[in-house]
Amino acid sequence: MNIIVVMLDSLRQDHVSCYGWKGCPVKTPNLDALAAEAVLLDNVYPEGLPTIPVRTDLLTGQSSLTNRSWQPLMPTDVSGATIFRREKYLTALVADTYHLFKPNMNFHEGFEIFHWIRGQEYDAVHAGPLKHLRLEDHVNERIPKEWHRLVLAALRNLDGRSAPEDYPCWKTMQIALETCADARAAKRPLFLWVDTFEPHEPWCPPAKFDIYGDPAYSGAKIILPPGGPAEEWGAEPEFRRIRSLYAGEAAYTDHCVGHLLNGLRQLGYFEDSFIVVLSDHGHPLCDHGKFLKGPDRMYNELLKVPFIVRLPGGAKGGRRAKGLGRFPDVMPTLLDFAGLAGNAACMAGRSLRPVIEGTGISPNAATVSGYFPSVDRAVRDERYSYVMRPAGQSDELYDLQADPREHENLIGKAPQVAQRLQSQVGTVYLSARAKPRGVQGSMEVAHTPVV
């Protein structure tokens, strides 16, 4: 069996239309078509955040949340790619997620072949003045001047792009297809990890997909909003335009994934492959007052991600599964379906095969998400989310079924639910806490170049 993983960066579950979220602003026909012949999982959550810890958890089957943050794969880490290679798979990584291939990051460990596609976000590829874009069109007078250098770095990579095929995401999918064709010619089973940074900011989709905004809007096209309270630097018309740009990026990402999926079908991979499409996390769009990711944004817009599993031949297609999953569970699941489950015995995660096939329950009573070493944590089961806050702040509890946008804090009404969730993950994941506190009671920017 071939194993193919397609990682999309920062795609919110509520921007994938097959999930049926009320008010979903975008259509994703290619992901929807895949979901129709796949198993759609609702509750598979990242554990250690953001980009690099997530991939550490996914690739190793271990948990980074209690002991490591943004750092390379270590020489002592055993990645799933290494295991599959030992088992005679052709292991291949195709990525435009530039954080993976910065010096010494080592995320290509275990991959027999790997391709890096350059030019995402602040990837240091271009220098000099802009030729087609202007910095002043992409900031306003309230955005701090120190933020301008980041916007300029992003604009340099975007300058001159116009057609959908000009962007790294499309190129990533095309090279992934060429890799799949090579594996077929070599007659070897394939473990392929496709990793694109789309729809991560900066949000500047090709014109064909920039169709979700108000045509009458004439303000700045803010492709990279600052963090912090949004009212300090912007207003609602700008926020709506930013959200429309993100929707366009989601639609463009779906378009590129469709190119990959169509090619996989033509090459015959739909008949003999286990295919997973997921995102590492979502992205706050001022849902709770802020844009960008951060330890204090432990809500659905950050934590709810698409997780679509297509079994060989479309078996079990059309199922929807509510069982809980953790990202450290992903590699044990891949190994299990490949017939290599014994290799996962040393991992922190557990196979989600019973959840995917509908033959059993999840190995998890609850999940926990957060940033190391922040004390903010979100502990979840299939219904509730308990958000643990630092001293001096109120904890939060939300009924995810009745209140999926997480507006009504129930911590004062149902503290026993929060206490139950807390007890199911223990104090290793959490700062030691006697009881939930009632109502009285960023990472990537630090790794950007100097411009």
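The values are calculated or read from the model by the stated rules, or taken from the named source; none is laboratory data. These numbers come from a predicted model, not from an experiment. FYI the Cβ positions are ideal-geometry reconstructions off the backbone, even for glycines, and counts take in every protein chain you see.
Screening the candidates Glu201, Glu249, Glu178 for the property of being surrounded by fewer than 19 Cβ atoms within 10 Å (Cβ to Cβ) and either modelled with pLDDT under 95 or of a type outside the set (Ser, Thr, Tyr) (or both) yields one hit, Glu178.
Going by the conditions given, is Val309 within 28 Å of His259 (Cβ to Cβ) and buried (at least 23 other Cβ atoms within 10 Å of the Cβ)? Taking the combined requirement at face value, the residue satisfies it.
Among the residues of the stretch 385-421, the one identified as farther than 17 Å from Gly289 by Cβ, surrounded by 18 or more Cβ atoms within 10 Å (Cβ to Cβ) and acidic (Asp, Glu) is Asp395. Would you say Arg243 is within 24 Å of the chain's Cα centre (by Cα), of a type in the set (D, E, K, R) and either assigned to a helix (DSSP H, G or I) or not assigned by TED's automatic domain parsing to the domain that holds Ala176 (or both)? Yes.
Within the stretch 123-143, is there a residue that is surrounded by 13 or more Cβ atoms within 10 Å (Cβ to Cβ), in contact with a Phe, Trp or Tyr (Cβ under 8 Å, 6 or more places away or on another chain), within 22 Å of Ile52 (Cα to Cα) and in the same structural domain as Gln174 (by TED's automatic domain parsing)? Checked against the condition, which is being surrounded by 13 or more Cβ atoms within 10 Å (Cβ to Cβ), in contact with a Phe, Trp or Tyr (Cβ under 8 Å, 6 or more places away or on another chain), within 22 Å of Ile52 (Cα to Cα) and in the same structural domain as Gln174 (by TED's automatic domain parsing), the stretch 123-143 yields at least one hit. If the condition is being of a type in the set (Val, Ile, Thr) and either more than 30 Å from Met1 (Cα to Cα) or part of a loop (DSSP other than H, G, I, E, B) (or both), then the stretch 188-223 contributes Ile211, Ile222, Ile223. Screening Ile308 with (1) closer than 23 Å to Trp70 by Cβ; (2) in a strand (DSSP E or B) gives one miss only, at (1). Any chance you could count how many residues in the stretch 143-191 are farther than 30 Å from Ala81 by Cβ and among the hydroxyl-bearing types (Ser, Thr, Tyr)? Of the residues in the stretch 143-191, 1 are farther than 30 Å from Ala81 by Cβ and among the hydroxyl-bearing types (Ser, Thr, Tyr). Just one of (1) assigned to a loop (DSSP other than H, G, I, E, B); (2) over 28 Å from Ala163 (Cβ atoms); (3) at pLDDT 95 or above fails for Gly227. It is (3).
Of all the criteria given as (1) surrounded by fewer than 17 Cβ atoms within 10 Å (Cβ to Cβ); (2) modelled with pLDDT of 95 or more, the one not satisfied by Asn67 is (2). Could you go through the stretch 253-265 and let me know if any residue there is in a loop (DSSP other than H, G, I, E, B) and closer than 27 Å to Thr333 by Cβ. Scanning the stretch 253-265, I find no residue that is in a loop (DSSP other than H, G, I, E, B) and closer than 27 Å to Thr333 by Cβ, so the answer is no.
Tell me whether the stretch 338-354 contains one or more residues that are buried (at least 22 other Cβ atoms within 10 Å of the Cβ), assigned by TED's automatic domain parsing to the domain that holds Gly294, within 30 Å of Gln393 (Cβ to Cβ) and out of contact with any Gly (no Cβ under 6 Å at 6 or more places or on another chain). The answer is no, given that none of the residues of the stretch 338-354 is buried (at least 22 other Cβ atoms within 10 Å of the Cβ), assigned by TED's automatic domain parsing to the domain that holds Gly294, within 30 Å of Gln393 (Cβ to Cβ) and out of contact with any Gly (no Cβ under 6 Å at 6 or more places or on another chain). Within the stretch 271-297, the set of residues being aliphatic (A, V, I, L, M) and under 18 Å from Leu224 (Cβ atoms) comprises Leu285, Leu292. Which one is farthest from Ala250 (Cα to Cα) among residues in the stretch 159-187 that are in contact with a helix residue (DSSP H, G or I) (Cβ under 9 Å, 6 or more places away or on another chain) and outside any helix (DSSP H, G or I)? My answer is Gly160.
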